[in-house]
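The values are calculated or read from the model by the stated rules, or taken from the named source; none is laboratory data. In this text, all values refer to a predicted model and were calculated from it rather than measured experimentally. FYI the Cβ positions are ideal-geometry reconstructions off the backbone, even for glycines, and counts take in every protein chain you see.
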Amino acid sequence: MEPFVRHRGKLATLDRANVDTDQIIPKQFLKSIRRTGFGPALFFDWRYLPDGSLDPAFELNSPRFAEATILAVRNNFGCGSSREHAVWAIQQYGFRVVLAPWQVRDGERVAAFAEIFRNNAIRNGLLTVELAEAEVDEIFDAVARHEGLEATVDLEACAVTLHTPEPKVFTFSIDPLARHTLLEGLDEVRQTLQWAAEIGEFERRHDAQMPSSC
């Protein structure tokens, strides 16, 4: 897995809340046994017309968002089923970062991303950034006013910088283990291999056969 330290890229916005994984990657594309080729199917039902051509009404089909690598969305992104393909499709389309707002409802903080989606993202090197709702509103407004707007997402500093004429910086928090995993590029196999010496020592000291219950 490629480490994520910082990334500068063009911003795109998707002004929709509660985007579920079936909208991100519809079920008919889950048959492949490979982990490649999902980018063209991202947001398939929104992205294409019945004849297979791009729908000009869909936000991400706008030429102003061509080659964008940072996606700003609304609350509760990635809800629905647990399909890891949703993260693969987002990455293979070209996005490195997804930004979304957390909210406060009845005094409780509600996460910007569905938990399973966020965990899948971490395991695959996709950074999900939670910001306050007002901050995401500012990002949407800035993208609308400045075509081709770029941002830098710095995981070491836990900061998002909008490269507007007067740069704007938003800070964010992230689980320390998730941050370490992304900074070091540690997938689950590499995380396990960090303990290879300890695992080997344990195996040397213990009988490989389970003790008999008789």
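Answer yes or no: is there a residue in region 70-79 that is among the aromatic types (Phe, Trp, Tyr) and out of contact with any Leu (no Cβ under 8 Å at 6 or more places or on another chain). There is at least one residue in region 70-79 that is among the aromatic types (Phe, Trp, Tyr) and out of contact with any Leu (no Cβ under 8 Å at 6 or more places or on another chain).
When region 31-48 is filtered for residues that are crowded, with 16+ Cβ neighbours inside 10 Å and either in a loop (DSSP other than H, G, I, E, B) or of a type in the set (A, V, I, L, M) (or both), the ones remaining, listed by number, are PHE38, ALA41, LEU42, PHE43. Given the structure, is ALA68 within 15 Å of PHE95 (Cβ to Cβ), among the aliphatic types (A, V, I, L, M) and touching a residue at least 60 places away in the same chain (Cβ under 8 Å)? Spelling it out, it is not the case that ALA68 is within 15 Å of PHE95 (Cβ to Cβ), among the aliphatic types (A, V, I, L, M) and touching a residue at least 60 places away in the same chain (Cβ under 8 Å). Put simply, of GLU147, GLU135, GLU130 the only residue that is in contact with a helix residue (DSSP H, G or I) (Cβ under 7 Å, 6 or more places away or on another chain) and either of a type in the set (Asp, Glu) or at pLDDT below 95 (or both) is GLU147.
Would you pick out the residues in region 40-93 that are of a type in the set (S, T, N, Q) and either farther than 16 Å from LEU127 by Cα or in contact with an Asp or Glu (Cβ under 8 Å, 6 or more places away or on another chain) (or both)? Answer for region 40-93, where residues must be of a type in the set (S, T, N, Q) and either farther than 16 Å from LEU127 by Cα or in contact with an Asp or Glu (Cβ under 8 Å, 6 or more places away or on another chain) (or both): SER53, ASN61, SER62, ASN75, SER81, SER82. Pairs linking a residue in region 133-147 that is more than 15 Å from GLU166 (Cβ to Cβ) to a residue that is at pLDDT below 95 and loosely packed, with under 14 Cβ neighbours inside 10 Å, with Cβ atoms under 9 Å and 6 or more positions apart or on different chains, are GLU133/VAL104. In region 167-190, the residues that are within 14 Å of ASN124 (Cβ to Cβ) form Cβ pairs under 7 Å with partners that are at pLDDT 95 or above and part of a strand (DSSP E or B), at six or more places apart or across chains, as follows: LEU182/LEU127. The residue of region 76-94 that is nearest to the chain's Cα centre (by Cα), among those that are buried (at least 20 other Cβ atoms within 10 Å of the Cβ) and part of a loop (DSSP other than H, G, I, E, B), is GLY78.
State whether one or more residues within region 115-124 are of a type outside the set (Lys, Arg), farther than 22 Å from ILE24 by Cα, modelled with pLDDT of 95 or more and touching a Leu at 6+ places or on another chain (Cβ under 8 Å). For region 115-124, residues of a type outside the set (Lys, Arg), farther than 22 Å from ILE24 by Cα, modelled with pLDDT of 95 or more and touching a Leu at 6+ places or on another chain (Cβ under 8 Å): absent.
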